[in-house]
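To start, the structure itself, in C-alpha cells.
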Amino acid sequence: MSGGYDLILLGGRLFDPGAGLDRVADIAFRDGVIAGIGDYSRSEAARVLDAAGLLVTPGLIDVHCHLYPYTDMGIGEANCFTAGVTAAADAGSLGWGNFASMRGHAGGVRLREYFYLNISADGIPVSNFCEQVDPDFDGGAAARAFRRIWRDRPAHLLGLKLRMQRNITRDLGLRPLEWALAMCEELGTHLVVHCTDPAVPLADILTRMRPGDIVTHIYNGLGDTILDPDGHLIPELLAARERGVLFDCGNDRIHFAYKVALPALEQGFYPDFIGSDLTTNAAFGPICTSFSQLLSKWLALGMPLDTLIEKVTRRAAVELGMAGKIGTLTPGAFGDAALLKLEEGSYSYPDSYGGSLTGSVRLRPVATALEGKLVWCDPDY
C-alpha cells in the first residue's frame, strides 16, 4: 500500500463493538476521514504512531457534560480531548435567553459540540443558580423563544432540558414538566429530565415521560429514588423503560450513589447512556475527574468492555443524530479515534455518600485524533 496520509496508527487492537470490529491492524486517516484498515506499515504519513498493545476505539462521546465557557462550570474541549472524547453534548448550560450567544462560541472550538436547551432563560450560569422554570414567566416568553429558535434550528441542537430538582422547581409541582413535554411535542423533539432530589414523586415524573425522552442521574441518592423502601426497582421505572424512555447515569458528585446503583444493577437495570455530567466543580475532585475515569468505574461495576465502548460510541452517536459518521471506525466515517491503554492495578472509585468501589483495571487515554489529526497525545508516549 502506498500514498500519503495525515495519520497512521500501527498495530493497535481496533475495537469498535458497534461495527463488529475487534482485530489487530493498522488504520489510516486522510482528508478528515478514515481512509482504510489493513497493513499500512510501508505507507507515508504526516504522523505515525505505534499503537501496539493499545486499544484503538472510535472517538468517545460524552452525552452529558457542561461545556459552555460563560458559566463557572464549563469544562471546555481540552478536558474532553485528554480523555479520548471527540464529541460531547452540553446538558442545559444554555437557556433560551442566551442561546444566540452560543453560536459564536461553537464556531471557535474543534470538539464536536451538541446542546440541549434549558427550559430556564439563563440556563445554568453558576452551579448553585436557581433556574427560572415557571412556564408563565414574563407572559409566556419561553414558548415564543422556543418556537423562534426551532424555526431555524441548528443541527447541533438536540432537545430540551429541565431540572426537576426540589430547590429549582420549588412549589411549581408538575407544571414545568408538563409544559416542557407539551413544548417538545409541538417542536418534534425530546426532553432530558434531571431527577436528583425530585420536587414531586419520581413515579409521577416517570409515568409522564415519552419514548425517546431521557431521565438522567438515575442512580442519585437524594430524596425519592428509583428504589422503593425495600430496595426494589419501582414499577414505574420498569414501565418507562418498556415503552422506550431512555436512562443516563449522569455521574457527577451527588448524582451517583452506590447505595442506589449496586441494588439497581443487581436487578439488571443498566443505563442506556454513560454521561459524565462533568463540570469544573468535579474535574479536579475524586468522584468523576474525567470521562475515562468514569468508564473505568463502569468496568469495576461489572460492565463488559464491549458493552461499555458500544454505549459511548455507536449508541451515543445515534442520540446525536450522527450514526455512521462518528462513533465508528468504518472507512469513510469521520476520522475520530481514541487510543486507550488497559492497565492493571488497584483503583478506587468513591461516591459522595461515603461509598467506594475498587477496580482491578482502568482505561488510560494515550492519544486522541479528530478528523484524522492528533488533538492530544500523552507527553510520556
Nearest 10 degrees is fine. How inclined is helix 175-187 to the longest principal axis of the chain, computing both from alpha carbons?
50
Normalised by the residues of region 279-346, what does the relative contact order come to in percent, with Cα pairs under 8 Å and at least six apart?
14
If I stretch the segment between R153 and R170 completely, what's the gain in nm (0.36 nm per residue apart, minus their alpha carbon distance), one decimal?
3.0 nm
Contour minus end-to-end for E266 and V361, with contour as 0.36 nm per residue of separation and end-to-end as the Cα-Cα distance?
32.1 nm
Fully extended, how many nm does the chain gain between D228 and D31 (0.36 nm per residue separation, minus their Cα-Cα distance)?
65.6 nm
Can you compute the label reach from K341? Point 7 Å from Cα along the Cβ direction, backbone N cut-off under 13 Å, restricted to region 47-84.
50-55
For A46, list long-range residues whose amide hydrogen, built 1.01 Å from N in the peptide plane, is under 5 Å from its own amide hydrogen.
Y5, D6, L7
Return a single number: how many Lys pairs in the chain, at a sequence separation of 8 or more or on separate chains, have alpha-carbon atoms below 19 angstrom apart.
6
Once both axes come from the Cα atoms, what is the angle between helix 141-151 and the longest principal axis of the chain, in degrees from 0 to 90, rounded to 10?
30
What residues of region 169-191 lie in the reach of a label at R210, counting those whose backbone N is under 19 Å from a point 7 Å from the Cα along Cα→Cβ?
174-191
What the 10 Å binned alpha carbon P(r) of the chain shows, as percent of pairs per bin from 0, is 5, 25, 32, 24, 11, 3, 0
Here the FRET efficiency for D50 versus T330, based on Cβ atoms and R0 = 25 Å and rounded to 0.05, is 0.60
Anyone know which of A337, A100, A199 comes out most mobile in the 10 Å Cα GNM of the chain?
A100
With springs only between Cα atoms under 10 Å, which of A19, A261, A83 fluctuates most in a Gaussian network model of the chain?
A19
Three principal axis extents, largest first, for the C-alpha atoms of region 271-350, in Å?
39, 28, 23
Å³ per residue enclosed by the Cα convex hull of region 1-124:
116
Taking amide H atoms as placed 1.01 Å from N in the peptide plane, list the residues 5 or more away in sequence, or in a different chain, whose amide H sits under 5 Å from that of L278.
H66
Excluding ligands, DNA and RNA, what is the solvent-accessible area per residue of region 88-214 at a probe of 1.4 Å, expressed in Å²?
38
Quick one: compute the contact order of region 46-192, relative version, from alpha carbon pairs under 8 angstrom and 6+ residues apart, as a percent.
19
DSSP beta bridges in the chain: the antiparallel percent, rounded to 5, is 50
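The values are calculated or read from the model by the stated rules, or taken from the named source; none is laboratory data. Just so it is clear, the structure is predicted and the values come from calculations on it, not from any experiment. Reconstructed Cβ throughout: ideal geometry from the backbone, glycine too, with neighbour counts over all protein chains shown. Ligands, DNA and RNA are excluded from the accessible area calculation, which covers all protein heavy atoms including side chains. Shrake-Rupley method; radii C 1.70, N 1.55, O 1.52, S 1.80 Å.
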